[in-house]
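Engineer: Sending over a structure as C-alpha cells; questions will come in a sec.
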Amino acid sequence: MPNPLIDKNMPANNFEFEYEVKASPKVLYPYLSTASGLQQWFADKVTVPNASTFHFYWDDENHPAVLVQSKLNKFVRFEFLNPKDESSKGFIELRLEVSELSNTTYLKVTDRASTFKSDDDAAELWDYLCDKLKEIVGS
C-alpha cells in the first residue's frame, strides 16, 4: 500500500529535523548503523547483502541504499540507489550531537530521499519514527 504522505512525482527537497534523545551516542549508534537496529524503528525490514549496501523495505517495496559515510557514535549517511534516474541521489543522514553545556544528545536528521507533499507530512513521519526510537531506548 503506497504511503499517502509521499508524492513520487514531486522533486526531492531537503528536510531537516532535530530530536532530543535521552540516551548516549554509544547506545544510539547501533540503531542508526545496523540492519537489526534500523529494522526496530526505521523500516519494516532491513537486509545487508554486503558491508556497505543496505536494502530497506517499506510496504514490501525494496529501497536499496549505500552507506557512503559513517563515523562511530557520530553519524551515518545512506545514499539511495534509483535505478530509473542515476542523477537523482536521495540520501538520509542521521547525526548524533551532544551539547557541551547540557550534555544532552540530539539526533539530527537530514532527509533528501523522500518526496513529501508538504513539510508537515515530512515532520509527521519523522516525529513518528523518532518517537519509536525513543521508546525503544527508554528515552
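Engineer: Regarding residue 96, is this residue touching a strand residue (DSSP E or B) at 6+ places or on another chain (Cβ under 8 Å) and either part of a loop (DSSP other than H, G, I, E, B) or surrounded by 14 or more Cβ atoms within 10 Å (Cβ to Cβ) (or both)? Don't jump to the end; show me each part of the working.
Structural biologist: Working: touching a strand residue (DSSP E or B) at 6+ places or on another chain (Cβ under 8 Å): yes; either part of a loop (DSSP other than H, G, I, E, B) or surrounded by 14 or more Cβ atoms within 10 Å (Cβ to Cβ) (or both): yes.
In short, yes.
Engineer: Is there a residue being out of contact with any Asp or Glu (no Cβ under 7 Å at 6 or more places or on another chain), part of a loop (DSSP other than H, G, I, E, B) and either at pLDDT below 95 or of a type in the set (D, E, K, R) (or both) anywhere in the stretch 68-79?
Structural biologist: Yes; the residues of the stretch 68-79 include at least one that is out of contact with any Asp or Glu (no Cβ under 7 Å at 6 or more places or on another chain), part of a loop (DSSP other than H, G, I, E, B) and either at pLDDT below 95 or of a type in the set (D, E, K, R) (or both).
Engineer: Looking only at the stretch 37-59, count how many residues are assigned to a loop (DSSP other than H, G, I, E, B) and in contact with a strand residue (DSSP E or B) (Cβ under 9 Å, 6 or more places away or on another chain). Steps first, please.
Structural biologist: From the stretch 37-59, those assigned to a loop (DSSP other than H, G, I, E, B) are 42-44, 51-52, 59; that's our starting set.
Filter once more, so that each one left must be in contact with a strand residue (DSSP E or B) (Cβ under 9 Å, 6 or more places away or on another chain): 42-44, 51-52.
Here the count works out to 5.
Engineer: Separate question: Could you list, in sequence order, the residues of the stretch 104-139 that are of a type in the set (S, T, N, Q), more than 14 Å from the chain's Cα centre (by Cα) and modelled with pLDDT of 90 or more?
Structural biologist: Answer for the stretch 104-139, where residues must be of a type in the set (S, T, N, Q), more than 14 Å from the chain's Cα centre (by Cα) and modelled with pLDDT of 90 or more: 104, 105.
Engineer: Any idea how many residues of the stretch 33-49 are closer than 23 Å to residue 124 by Cβ, hydrophobic (A, V, I, L, M, F, W, C) and open to solvent by 20 Å² or more (accessible area, probe 1.4 Å)?
Structural biologist: Here the count works out to 0.
Engineer: Filtering the stretch 2-25 down to residues that are among the acidic types (Asp, Glu) and modelled with pLDDT of 50 or more, which residue is most open to solvent (accessible area, probe 1.4 Å)?
Structural biologist: Here is the first cut: in the stretch 2-25, the ones among the acidic types (Asp, Glu) are 7, 16, 18, 20.
Retained after the next criterion (residues that are modelled with pLDDT of 50 or more): 16, 18, 20.
On the way: 16: 131, 18: 103, 20: 83 Å².
Going through the qualifying residues, I end up with 16.
Engineer: Could you list, in sequence order, all residues of the stretch 117-139 that are loosely packed, with under 15 Cβ neighbours inside 10 Å and not in a loop (DSSP other than H, G, I, E, B)? Can you show your working first?
Structural biologist: Within the stretch 117-139, the first condition is being loosely packed, with under 15 Cβ neighbours inside 10 Å, and the residues that meet it are 117-120, 123-124, 127-128, 131-132, 135-136, 138.
Answer for the stretch 117-139, where residues must be loosely packed, with under 15 Cβ neighbours inside 10 Å and not in a loop (DSSP other than H, G, I, E, B): 119, 120, 123, 124, 127, 128, 131, 132, 135, 136.
Engineer: Name, by its number, the condition in (1) under 24 Å from residue 20 (Cβ atoms); (2) charged (D, E, K, R); (3) free of Cβ contacts under 8 Å to residues at least 60 places away in the same chain that does not hold for residue 121.
Structural biologist: Evaluating residue 121 over (1) under 24 Å from residue 20 (Cβ atoms); (2) charged (D, E, K, R); (3) free of Cβ contacts under 8 Å to residues at least 60 places away in the same chain leaves (3) as the failure.
Engineer: Quick test for you: out of 70, 114, 52, pick the one residue that is surrounded by fewer than 15 Cβ atoms within 10 Å (Cβ to Cβ) and among the small types (Gly, Ala, Ser).
Structural biologist: On the way: 70 fails: surrounded by fewer than 15 Cβ atoms within 10 Å (Cβ to Cβ); 114 fails: surrounded by fewer than 15 Cβ atoms within 10 Å (Cβ to Cβ).
Answer to the selection: 52.
The values are calculated or read from the model by the stated rules, or taken from the named source; none is laboratory data. In this text, all values refer to a predicted model and were calculated from it rather than measured experimentally. All Cβ positions, glycine included, derive from the backbone under ideal geometry; neighbour counts span all protein chains shown. The area values use the complete protein model at the heavy-atom level, side chains included, leaving out ligands, DNA and RNA. Shrake-Rupley method; radii C 1.70, N 1.55, O 1.52, S 1.80 Å.
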